[in-house]
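Q: My questions all concern the structure below.
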Amino acid sequence: MRYISATEVVMTIAILTLLVVFELTYRISFDTASFQHHTLAGSKPSACRISPDHLAPDPAQPTYTECPGTIKSPHVGALNVLGSPQQCLGATARFDQYHELAGHNWSEVKWGEIQSRCASINHGSQSHEKPIQERWRQSGHPQDQEYATENDKTTAIVLRTWDDYEYTATRLAWLRALIAEASLQRHDGYRVFFLVNIKDPELHLDDGFTYEKALQKYVPEEFRDMALLFNEGTLEACYQQIPEHGAQDQMYQALQIFSYKFPEYNYVWQLEMDLRFTSHVHDTLAASSTYTKAQGRRNLWERNGRFYIPALHGSYEDFLSTVELEIQETGIWGPEATFEFVPEGPPEPPRTERDWGVGEEADLISFMPMIDPVGTDWIYENEIHGFKDADKTPRRAAIISITRSSRRLLRLVDEAQRRHGQWLVSEATLETFSLLHGLKAVTVPHPIAFASNLTPEELDLAIHKGPLSNKAGGKLPSMLYTKEGWVSGPWPEASYWFTGNGAQTLWESYIGGAQLPPMLLHPVKEK
């Protein structure tokens, strides 16, 4: 007879305890679900350590502390949508341990290899049997590669950088913390890459020696095995029917290629180097995904097209009720009519199915309203090419190309550009294709602070100039750069916009010890 050892008993109890925690965690309400789940995560296994074979301790996982959970009014967005506003992460605990004198020789660290080790033990992942450089540089368009199923929980985080980016000590500490928080400290299938824009279009990156020389020159040693290089020549070779390949107007072409080269990733977050998180990177992105998955499609495009102002609208439930009252049965339901192609989204049910889309992953996640550019006088309002209906084509646009996109959406855009020469500028690409294909696209109503002393009513008037279906649009919206130039408004001091000082000011206060709820700050130009 075999007797159960004390060790087996302890292990059994531990497993049962984890199962109970998992069950209880997922039964709590949406407002705190993602936050509580991820803070319950245990210590990472040795394979996820930065230096598993060295005595130097790993940087500690940052610990949430109680905090006021408020930001200066007025603001837009829900304070709890990116995580619990009553739980803060201090900057000192997060970043000091990733500086040069923190016990690690960072030049010996290989972040790509570390992420592979972590993925192999947590998920049995063998997705990177070939070095990523080999997969990235393989010739041709790998459109027939097999890829993971929609049930697989795999997400890439792609940081968009360039050859002359200055990797200062402060920026290096931030990048190390980002990778550790996103990929190592939570066992959730996230992997971080660098997509490096080489500005010289004549550099022949298809030549192995040239490519390796550029990699050594432009990317710090610790990031080289997670970095992928491209230039306009790379994009032109793939998208020959498109005349534009610059980063400003075609921010997603490189990401489209990435999605084909690495088809195991169902979703891709595109982040910019001047974006900062005031809370745990993984937890913030996971909370965004949780929110968007919970959203139904009824009047979704109309919600996407406006800001939520708590001091004016009341609770978020009150805001939803207001949108419902204003839009009722007139909202977009399914794909917008087009003769360009057969929509690839799911067939729309009868409007009586008010919960359509609840529990469905979003093909597109954005952090600014998706507005109708027609009639705005936006500088890119008429930039639409290759479509039969030209500027009469239904469209949406959202400034700041910080998004999560699905493999399905990226492939639809890729096919339209590569085979049919259909294209729009970056800020209108994913949004318009989502609209025309009937895909689920969601704007996250994250908190954005303003330095001005506007009343809620004044703020509403300053940022909502459009019709009920598209309130953040309309004639000359202040968040856009228009054909008439800058429009007066509160945005230059906002915590999230495409320019201005608001984000930098808040980040400096956070680094200086201020307690802030989970927020996205952009742009932050710290050196």
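The values are calculated or read from the model by the stated rules, or taken from the named source; none is laboratory data. These numbers come from a predicted model, not from an experiment. Backbone-built Cβ (ideal geometry, glycine too); neighbour counts: all protein chains shown. These accessible areas exclude ligands, DNA and RNA; they are computed on the full protein's heavy atoms, side chains included. Shrake-Rupley method; radii C 1.70, N 1.55, O 1.52, S 1.80 Å.
Q: If you take the Cα Rg of the stretch 206-274 and divide it by 2.2 N^0.38 Å, with N the number of residues, what do you get? Mind dumping the intermediate values first?
A: Details: Rg = 13.2 Å, N = 69, 2.2 N^0.38 = 11.0 Å.
Relative to the rule-of-thumb radius for its length, the stretch 206-274 sits at 1.20.
Q: Write out the GluC sites (Glu not before Pro) in the stretch 400-494 meeting two conditions: DSSP loop, and at most 10 other Cβ atoms within 10 Å of their Cβ. It would help to have the intermediate numbers written out before the result.
A: On the way: sites: E415, E427, E431, E457, E458, E484, E493; in loops: E484.
Sparse-neighbourhood loop GluC sites (Glu not before Pro): E484.
Q: Hey, another quick one. For the stretch 349-366 and the stretch 188-246, compute the distance between their C-alpha centroids and round to whole Å.
A: Computed from Cα coordinates, the inter-centre distance equals 36 Å.
Q: When the accessible area of the chain is split by element with a 1.4 Å probe, what percent falls to carbon and sulfur?
A: On the way: 12240 of 22540 Å².
Of all accessible area on the chain, carbon and sulfur atoms account for 54 percent.
Q: Compute the distance in nm between two label points, each set 7 Å from the Cα along the Cα-to-Cβ direction, one at K527 and one at E272.
A: 2.0
Q: Report the residues of the stretch 297-320 in range of a label on E457: point 7 Å along Cα→C-beta, backbone N strictly under 20 Å from it.
A: Label zone hits: 307-315, 319.
Q: Moving to a separate point now. Distance cut-off 25 Å, Cα to Cα: go down the list K261/K527; K293/K525; K392/K471 and report the pairs above it. Mind dumping the intermediate values first?
A: Details: K261/K527 33 Å; K293/K525 32 Å; K392/K471 20 Å.
Beyond 25 Å: K261/K527; K293/K525.
Q: Which length gain, in nm to one decimal place, applies between H385 and A60 when the Cα-Cα distance is subtracted from 0.36 nm times their residue separation? List each step's numbers first, then the result.
A: Working: separation 325, 0.36 × 325 = 117.00 nm, distance 5.04 nm.
Using 0.36 nm per residue and subtracting the Cα-Cα distance, I get 112.0 nm.
Q: Over the chain, calculate the relative contact order: mean separation of alpha carbon pairs under 8 Å at least 6 apart, over the residue count, as a percent. List each step's numbers first, then the result.
A: Values: 966 pairs, mean separation 104.3, N = 527.
Relative CO of the chain lands at 20 percent.
Q: If each residue of separation counts as 0.36 nm, what is the full-extension length gain between E221 and T290 once their alpha-carbon separation is subtracted? Let's see the in-between values first.
A: On the way: separation 69, 0.36 × 69 = 24.84 nm, distance 3.50 nm.
Between E221 and T290, full extension yields an extra 21.3 nm.
Q: If you don't mind, another one. From largest accessible area down, sort E264, E361; use a 1.4 Å probe on the protein chains.
A: Numbers: E264 25, E361 65 Å².
Ranked list, largest accessible area first: E361, E264.
Q: Now, a different point. Starting from the Cα-Cα distance between T168 and D207, subtract it from 0.36 nm times their residue separation and give me the gain in nm to one decimal. Kindly include the intermediate steps, with their values, before the conclusion.
A: Working: separation 39, 0.36 × 39 = 14.04 nm, distance 2.96 nm.
Extra length available between T168 and D207 comes to 11.1 nm.
Q: HN-Hα J couplings of the stretch 93-101 from phi, Karplus 6.51/-1.76/1.60, θ = phi - 60°, integer Hz, Gly and Pro as x?
A: Result, ordered by residue: 5, 6, 10, 4, 6, 9, 7, 4, 9 Hz.
Q: Filter the chymotrypsin sites (Phe, Trp or Tyr not before Pro) in the stretch 297-384 down to the DSSP loop ones having no more than 10 other Cβ atoms within 10 Å, then list what survives.
A: Working: sites: W301, F307, Y308, Y316, F319, W333, F339, F341, W356, F367, W378, Y380; in loops: F307, Y308, W333, F339, F341, W356, F367, Y380.
Filter output for the stretch 297-384: F339.
Q: In addition: For K110, which lysines qualify as cross-link partners when the Cα separation must be under 19 Å and same-chain residues fewer than eight apart are set aside?
A: K44, K130, K213, K217
Q: Tell me the mean residue ellipticity at 222 nm calculated for the chain from its helices only (DSSP H runs of n ≥ 4, each -39500 (n - 2.57), averaged over every residue, nearest 500). Spell out each step's value before the answer.
A: Numbers: 17 runs with 171 residues, N = 527.
That calculation yields -9500 deg cm²/dmol at 222 nm.
Q: Let me know the charge dipole size of the chain about its Cα centre in debye, to the nearest 20, where only the beta-carbon of Lys, Arg (+1) and Asp, Glu (-1) is charged.
A: Computed about the Cα centre, the dipole is about 700 debye.
Q: Suppose all protein chains stay in the model; what accessible area per residue would a 1.4 Å probe give for the stretch 136-285, in Å²? Before the final figure, lay out each step's value.
A: Details: 5410 Å² over 150 residues.
I get 36 Å² per residue for the stretch 136-285.
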